[in-house]
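Colleague: I'd like to ask you about the structure that follows.
The values are calculated or read from the model by the stated rules, or taken from the named source; none is laboratory data. Please read all numbers here as calculations on a predicted model, not as lab measurements. Please note: Cβ atoms are built from the backbone with ideal geometry, for glycine as well, and neighbour counts cover all protein chains shown.
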Amino acid sequence: MSRAGDKWPIALALVVGLGLAAAPAASADRAPSKSERAAIKRVALKACEGAPDPCRFHGARVSTANARFAWANATAEGFSGALLKRPSRRSHRFRVVAIQGGGIGTCSDWRRHAPRAVLRDLQISGLLADGITVRNCGKR
């Protein structure tokens with residue numbers, strides 16, 4: 001006696017597994033907690049105090065690849081964001097380690113300040129060595 005009905009669960013599991021394997025990796029950054037956001041905002045606004053126009057804070061993201069790193073989305077004339085780092089993943093004492101100015105920085109500069117996984121996670125883009133191509137600095 002054939003049990004054709006027993007093959008459906010196996011086929012379904014195979015299709016779902018292949019679908020998940022083929023799906024593109026999603027960004028793994030996360031929104032900061034309320035206290036993290038306040039600390040990030042304070043540091044980011046202080047970092048762009050010298051700008052001719054008032055700095056505006058638009059939000060932040062915390063890396064899940066390494067929770068010590070965060071990105072502050074703040075803008076002013078000649079300032080468009082900051083990469084922040086803290087001493088431990090639970091600390092709220094962030095410091096600016098790199099700034100995105102009015103133009104786009106090079107990936108080699110960003111890689112001096114954060115691991116590739118963090119740059120990929122926070123979707124930080126820059127110029128490659130050819131000086132023309134712009135892409136996510138965390139990609140190989």
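Colleague: Restricting attention to the range 102-140, which residues are within 16 Å of Gly81 (Cα to Cα), in a loop (DSSP other than H, G, I, E, B) and touching a residue at least 24 places away in the same chain (Cβ under 8 Å)?
Modeller: Gly102, Ile104, Ala114, Leu122, Gln123, Ile124, Cys137
Colleague: Would you be able to tell me the number of residues in the range 54-64 that are out of contact with any helix residue (DSSP H, G or I) (no Cβ under 8 Å at 6 or more places or on another chain), modelled with pLDDT of 95 or more and not in a strand (DSSP E or B)?
Modeller: 0
Colleague: Output the residue which, of all residues in the range 117-130 that are over 17 Å from Gln100 (Cβ atoms) and out of contact with any helix residue (DSSP H, G or I) (no Cβ under 8 Å at 6 or more places or on another chain), is surrounded by the most Cβ atoms within 10 Å (Cβ to Cβ).
Modeller: Ala117
Colleague: Next question. Looking at Ala51, Ala67 in this structure, which one is more than 16 Å from the chain's Cα centre (by Cα), free of Cβ contacts under 8 Å to residues at least 40 places away in the same chain and assigned to a loop (DSSP other than H, G, I, E, B)?
Modeller: Ala51
Colleague: Now for a separate question. Could you tell me whether any residue of the range 76-88 is over 23 Å from Arg37 (Cβ atoms) and aliphatic (A, V, I, L, M)?
Modeller: Checking the range 76-88: not a single residue is over 23 Å from Arg37 (Cβ atoms) and aliphatic (A, V, I, L, M).
Colleague: Please give the number of the condition Cys48 fails out of (1) among the hydrophobic types (A, V, I, L, M, F, W, C); (2) within 18 Å of Asp29 (Cβ to Cβ); (3) buried (at least 20 other Cβ atoms within 10 Å of the Cβ); (4) touching a Phe, Trp or Tyr at 6+ places or on another chain (Cβ under 8 Å).
Modeller: Of the numbered conditions (1) among the hydrophobic types (A, V, I, L, M, F, W, C); (2) within 18 Å of Asp29 (Cβ to Cβ); (3) buried (at least 20 other Cβ atoms within 10 Å of the Cβ); (4) touching a Phe, Trp or Tyr at 6+ places or on another chain (Cβ under 8 Å), the odd one out for Cys48 is (2).
Colleague: May I pose another question? Looking at (1) modelled with pLDDT under 95; (2) surrounded by 15 or more Cβ atoms within 10 Å (Cβ to Cβ), which is the only condition Phe94 fails?
Modeller: Looking at each condition in turn, Phe94 falls short on (1).
Colleague: Let me ask you something else. Anything in the range 27-48 that is polar (S, T, N, Q) and in a loop (DSSP other than H, G, I, E, B)? List them, or say none.
Modeller: The answer is Ser27, Ser33.
Colleague: Could you tell me whether any residue of the range 21-43 is surrounded by 18 or more Cβ atoms within 10 Å (Cβ to Cβ) and at pLDDT below 90?
Modeller: No, the conditions are met nowhere in the range 21-43.
Colleague: Taking only pairs six or more apart or across chains, which ones have beta-carbon atoms under 8 Å, a first residue in the range 28-44 that is more than 21 Å from Phe79 (Cα to Cα), and a second residue that is modelled with pLDDT under 95 and in a loop (DSSP other than H, G, I, E, B)?
Modeller: Short answer, once both residue conditions are applied: Asp29/Gln123.
Colleague: Give me the residue from the range 89-101 that is assigned to a strand (DSSP E or B) and of a type outside the set (D, E, K, R) and, out of that set, farthest from Ala38 (Cα to Cα).
Modeller: My answer is Gly101.
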